[in-house]
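The values are calculated or read from the model by the stated rules, or taken from the named source; none is laboratory data. This structure is a prediction, so every number in the text was calculated from the model and none was measured. Cβ placement follows ideal geometry from the backbone for every residue including glycine, while neighbour counts extend to all protein chains displayed. Only protein heavy atoms, including side chains, enter the accessible area calculation; ligands, DNA and RNA are left aside. Shrake-Rupley method; radii C 1.70, N 1.55, O 1.52, S 1.80 Å.
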Amino acid sequence: MTPCFNWFEVVYYWMGLKMYDLVAGRHILHLSRYYSVQESIELFPTLARKGKDKSLRGTVVYYDGQMNDSRLNVGLACSAALAGAAVLNHAEVVSFLKDEGSERIIGAKIRDNLSGQEFETYAEVVVNAAGPFCDSVRKMANKDAQPMICPSSGVHVVLPDYYSPEGMGLIVPKTKDGRVVFMLPWLGRTVAGTTDSNTSITALPEPHEDEIQFILDAICDYLNVKVRRTDVLSAWSGIRPLAMDPTAKNTESISRDHVVCEDFPGLVTITGGKWTTYRSFSMAEDAVDAAIKSGKLSPRNECITGNLRLVGGDGWESSSFTVLAQQYVRMKKTHGGKVVPGVMDTASAKHLSHAYGTLAERVATIAQNETLGKRLAHGYPYLEAEVAYCARNEYCESAIDFIARRSRLAFLDTDAAGRALPRIIEILAKEHNWDRSRQKQEMQKAREFLETFKSSKNAQFHDGK
C-alpha cells in the first residue's frame, strides 16, 4: 500500500503501478488498484489519515511475492545434494591449487571448521559465489586483484504483528533522505526496513542505533500509533555485495545487477544481484554458462533450472497443511516427564507445510512418534521435532544453524530465540553426541551471536522512547 497525500501522487503512482502490472504479464499476482481514504483505513487500520501538514487522498495497492530466505537457502543445498552435488558447510577455502605449467586454478585447499582438518579437492572450474567475501577469494588467486564489490549495509527491524494487518504492507516511497522504506507482515510479525549505507565487511554485522531509529522515524510519520523503540523484537544488519561502478559516488547509484567474470584462469566469479534474479534465466544460469566456457565442458542438456522444483515442492498444494492437522498429533513431554498428546493446530500445520513442503509429514512424524511435539518458544510455531529433523536431514551442525539458518527465530524475536536455546542444544546434543564441553561452547557462541541482534532488551538506548 502506497499512501498518497495529493492527487498528483495518486495519478503518478497509479500509472506507474499499471506499468508494473503490464511488465509482469502472465506472472502477475493481482491487478494494482486505487483505494479511497475510507477503504484504505479499513484495509490498514493503523494508517494515519493526516501526515505532516497534509491529508491522505487515498492509496494505491500493488501485489508482490514473499519468501522465507533461510528455508529457500537450505532447500537449494538439499536439492543440489539430491541432484548429485557434494555439499559441505562450515568449511572455508584456505588457498587455491594451481597447475604448475599454465598457472590455471585446478582446485582448492579446504578447511573443515568443525574438525579443523584440511583437505584438497580438484575441479575443472572453480566458481566464486562468496557474496560480500568474493573479493577476498579473488585475492587468494591474485593478490593484486582490483575490488569488484562495494559492500552496503541493509538494516531491518522486526515489530509486533499489530503494526501491520495480515496480508497488507506499507511502502513509504520517499523518506527525508530519498530512500524507500517498507513495513510488511512477515512470518507472523512485522518487518520494517531498509537502510542503504557504506559498511565494512564482517562475518557478524551489527545495526547501528541511528539506522534503527531512522527506520522507526520513517514509518512513524505514516501511522496513527506510537512507534516505540521498546517494541523492537529484533534488529539486524545484512551486507549487500553490490557490483561496483568505479565512477559511482554512493551506494544508492551502484547497480543491483550481477556481474560474471573470469579474471583469473579457472576461477569464475559471480557477484552482485539479488534473490529475485538468483536462479531462473539469470545469475545461476550465467555463472554455469561461464564455467562451461572456461572449462570447455560438454553439458548433456540445456539449463533446466527454470522448471526445476526445489526439494519439498513436488506435489505441494496450499491446502496441504490440512492433511497435517487431520492426521498427526503433537506428543509432548511435560516437566514431570509425563507424555501428553497435543493438537496439531492450524498455526503449526501451516508453518510446517510452508517451511518443508511435502516433507512436512516427516517432521510431523517425529513430533508424534518421538514426543518432540512441544513448541520451542511461546507464541511461535517452531517445534522441537524440527531441530531433530534438521540435524538428520539438513546439515544442521550448531545451535546458530537452527535459530538463524534453518528457522528465522533469531531474526523474528531475539529474546524468544535465547529462551529456546537450552532445549535446542539439548536435542542437538542427543543427535550429534555432544559432550558437556561442546554444549557449553554452543550456548556461549549462540548468545554472542544473538547479541548482534539489537532488540529492545539487548540494545543500549536512552532516548526515552
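List of remarks:
- Pick from the range 273-306, criterion assigned to a loop (DSSP other than H, G, I, E, B) and of a type in the set (Ser, Thr, Tyr), ranking: nearest to residue 68 (Cα to Cα): 278
- Search result, residues across the range 197-214 that are surrounded by 20 or more Cβ atoms within 10 Å (Cβ to Cβ) and part of a loop (DSSP other than H, G, I, E, B): 199, 207
- Any hit, the range 215-223, residues being in a loop (DSSP other than H, G, I, E, B), outside the structural domain of residue 58 (by the TED database) and among the aromatic types (Phe, Trp, Tyr): yes
- The range 295-335: number of residues that are surrounded by fewer than 16 Cβ atoms within 10 Å (Cβ to Cβ) and closer than 21 Å to residue 345 by Cα: 9
- Only residues that are modelled with pLDDT under 90 and open to solvent by less than 50 Å² (accessible area, probe 1.4 Å) were counted across the range 223-241, and they come to 1.
- Verdict on residue 461 being open to solvent by 20 Å² or more (accessible area, probe 1.4 Å), modelled with pLDDT under 95 and over 23 Å from residue 91 (Cβ atoms): yes
- Within the range 37-62, being touching a Ser or Thr at 6+ places or on another chain (Cβ under 9 Å), more than 16 Å from residue 174 (Cβ to Cβ) and open to solvent by less than 80 Å² (accessible area, probe 1.4 Å) holds for 37, 39, 40, 43, 44, 46, 47, 58, 61, 62.
- Residue 130 small (Gly, Ala, Ser) and under 30 Å from residue 190 (Cα atoms): yes
- Members of the range 18-36 found to be surrounded by 13 or more Cβ atoms within 10 Å (Cβ to Cβ) and either over 27 Å from the mean Cα position of the chain (by Cα) or under 25 Å from residue 220 (Cβ atoms) (or both), listed by number: 18, 33, 34, 35
- Considered as a group, the residues in the range 69-86 that are aliphatic (A, V, I, L, M) and surrounded by 13 or more Cβ atoms within 10 Å (Cβ to Cβ) include one that is nearest to the chain's Cα centre (by Cα), and that residue is 72.
- Just one of (1) touching a helix residue (DSSP H, G or I) at 6+ places or on another chain (Cβ under 6 Å); (2) farther than 23 Å from residue 97 by Cβ; (3) surrounded by 18 or more Cβ atoms within 10 Å (Cβ to Cβ) fails for residue 271. It is (2).
- Test: residue in the range 427-439 that is in a loop (DSSP other than H, G, I, E, B), surrounded by 19 or more Cβ atoms within 10 Å (Cβ to Cβ), of a type in the set (A, V, I, L, M, F, W, C) and not assigned by the TED database to the domain that holds residue 79: no
- Within the range 143-184, the set of residues being in a strand (DSSP E or B) and either open to solvent by 30 Å² or more (accessible area, probe 1.4 Å) or of a type in the set (Asp, Glu) (or both) comprises 156, 171, 182, 184.
- Segments classed as helices (runs of 4 or more DSSP H), wholly inside the range 1-86, with at least 1 members that are free of Cβ contacts under 8 Å to residues at least 40 places away in the same chain and within 21 Å of residue 274 (Cβ to Cβ): 7-24, 69-82
- Of all residues in the range 112-119, none satisfies being in contact with a Leu (Cβ under 8 Å, 6 or more places away or on another chain) and of a type in the set (Ser, Thr, Tyr).
- Residue ID - surrounded by the most Cβ atoms within 10 Å (Cβ to Cβ), chosen from residues in the range 348-363 that are aliphatic (A, V, I, L, M) and either within 21 Å of the chain's Cα centre (by Cα) or farther than 22 Å from residue 67 by Cβ (or both): 352
- The residue that is surrounded by the most Cβ atoms within 10 Å (Cβ to Cβ), counting only those in the range 109-137 that are small (Gly, Ala, Ser) and over 26 Å from residue 238 (Cβ atoms), is 123.
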